[in-house]
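Chemist: Before I ask anything, here is the structure I am working with.
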Amino acid sequence: MARGHEPSEESERAVTVILLYDEAENERVRHASYEAAVGTVKERAESATVAKIESKDGEIVFRSDEMAIQEWANEWTRAKRRLSVDIDEWKCPYDSAGCIADDLCTQCKLDKIQDSY
């Protein structure tokens with residue numbers, strides 16, 4: 001985006017940081033990304049009683065009174081990375097619900113070992 005130009009429209013679907021203070025007031029800061037929201041929480045959470053991150057769907061996905069922001073950001077990054085990795089399609093011949101290509105059930109592991117001999 002060119003410097004000095006503002007977006008012509010703004011989506012209602014934004015990630016929001018909610019800062020709650022002792023004085024029963026709160027502040028809402030909208031962001032286009034989780035990275036920016038995490039930055040705001042890191043900068044301003046100490047002055048607030050509770051800091052929250054609200055998803056684009058309106059769900060509270062982080063609360064500073066339940067978890068440290070860096071811990072949450074690390075978990076969010078891992079989850080995002082897992083979603084972006086292509087996982088081979090796998091159908092367990094034993095119909096084990098927890099059996100996936102990169103984490104086989106015990107029977108599939110045994111079959112794999114037997115097939116390698």
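Chemist: Just need the Rg to Rh number for segment 36-102, please, alpha carbons only, Kirkwood Rh.
Modeler: 1.18
Chemist: Using Cα positions and a limit of under 29 Å, work out the lysines in reach of Lys52, with same-chain residues fewer than 8 apart set aside.
Modeler: Lys42, Lys80
Chemist: Then there is this: Roughly how many nanometres apart are two label points built 7 Å out from the Cα toward the Cβ at Glu27 and Arg78?
Modeler: For the pair Glu27/Arg78, the computed spacing is 3.2 nm.
Chemist: Here is a follow-up. Return the lysines within reach of Lys112: Cα separation strictly under 23 angstrom, same-chain partners fewer than 8 residues apart disregarded; answer none if there are no such residues.
Modeler: The reachable lysines, counting only those whose Cα sits under 23 Å from Lys112, are Lys91.
Chemist: Please compute the per residue accessible area over segment 26-117 with all protein chains in place, 1.4 Å probe, rounded to a whole number of Å².
Modeler: On a per-residue basis, 75 Å².
The values are calculated or read from the model by the stated rules, or taken from the named source; none is laboratory data. Because the structure is predicted, anything quoted here is derived from the model rather than measured. Cβ atoms come from the backbone with ideal geometry, glycine included; neighbour counts cover every protein chain shown. Ligands, DNA and RNA are excluded from the accessible area calculation, which covers all protein heavy atoms including side chains. Shrake-Rupley method; radii C 1.70, N 1.55, O 1.52, S 1.80 Å.
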